[in-house]
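Quick note: the coordinates plus some simple rules give every number you see, no bench work behind them. Since the structure is predicted, the reported quantities are computational estimates derived from the model, not experimental observations. Neighbour counts are summed over all protein chains in view; Cβ atoms, including those assigned to glycine, are modelled from backbone coordinates with ideal geometry.
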Amino acid sequence: MDDLGRQQKAADQTLEPAQQEHPQGKSGWEKFEILSKPIAGLLTALAIALLGYWGQSTVTRIAAMDQNARLYTELLSKREQSESMLRKDMFTVILKDFFKKEFGVADNGSAPFGSELISQKLLKLEMLALNFGDSLSLGPLFLEVSRDIGKARPSADEQMGWRVKKGALIKRLHSLSKRVASAQLASLKPRGKPLYIEIPFKRVQLSEAAEQGFYTWPDDEVEQISAGDLGLAQELRLELSRLTQDGITRILTFQFSNADYRQKTIDVALTVETFRADGNLDSRAAELKFTLDYFNFPLIDNTRLSDNQRFALVLAGFDENTIKVEGVLFPGEFSSQRDKPYLMDAIKALTRGGKLGEP
């Protein structure tokens, strides 16, 4: 029996390695590996196809956008060139005709007469002002037209109602100037700090019979409001006269005088004080004197201040009771295209890494 048991045990040991070398079935991981290879290949091919399609579509779309951008830019450039040429030709023709002969003078060189010639010149001035008002200093032309209207004499058939016709021409001239000035002021107000002043006409009326008066703003206005309260007067004075633009605070004071009702003019003395970075007032205050009329346009007729800022004053209304004045403190980059910043302002802006007009 012992011999038989040993033989059986040896036979079993011989069969075990054979059974291990030839298993009955495959495991789950082996099956997954076998199935995943074709699936991975299929997914890779699909991804390559999708990437190729998306890449081609993206390249095509970018090329189309670039082509459209070039076409749009070319169209804009051509339109700008055509508009520039048209404006140039119009400017040349109008200005040449404007100075072709003395304004309002007949062809035979006689004295100025008639409203027809003046009306023609007013039409040309309207075209100049509405098309080139933001780049040309048209104040001298307005003043010259105003003087010639004053010197104009009626023709033989205009004797009746001449004062009415002359008044209509002056009104047309003032209406044009106020239209141009108000449009420019409206474009500057959102970018700057506006100022509104009303002056009693009787206080500053130009009269030979009466002593000349002055109206100092904001002191005279504060005096009327505060009624002797010194603390309130000081607070109101700072509130009214202080304008802050781009972190720079300025104190503005005005003295108005010599208001001429017939010419619609008033003399202005302006003082601008600036707060330094330490909070103290700069000792170098800007002082200016000028005559304000309806022919001051803020984009052109403005006062240069430090840090590339500008201040403009506009005559908004003039009647027998009140003179209305509007002002605006604004960054210099929004002034006329011909108004370039000083070299030192440009260097300061580049040094601090900001744009012109930034604090």
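What to note about this one:
- Segment 192-351: radius of gyration and largest Cα-Cα distance (Dmax), Å: 16.9, 58
- Residue order, fewest to most surrounding Cβ atoms within 10 angstrom, among 72, 294: 72, 294
- 26 Å Cα-Cα threshold exceeded, pairs from 121/189; 165/189; 88/193; 178/202; 171/202; 124/193: 121/189; 165/189; 88/193; 124/193
- Peptide ranges 232-239, 324-331, 265-272 listed from the most packed, as the mean C-beta count within 10 angstrom indicates: 324-331, 265-272, 232-239
- Ordering of 141-150, 306-315 by burial proxy (mean other Cβ atoms within 10 Å per residue, highest first): 306-315, 141-150
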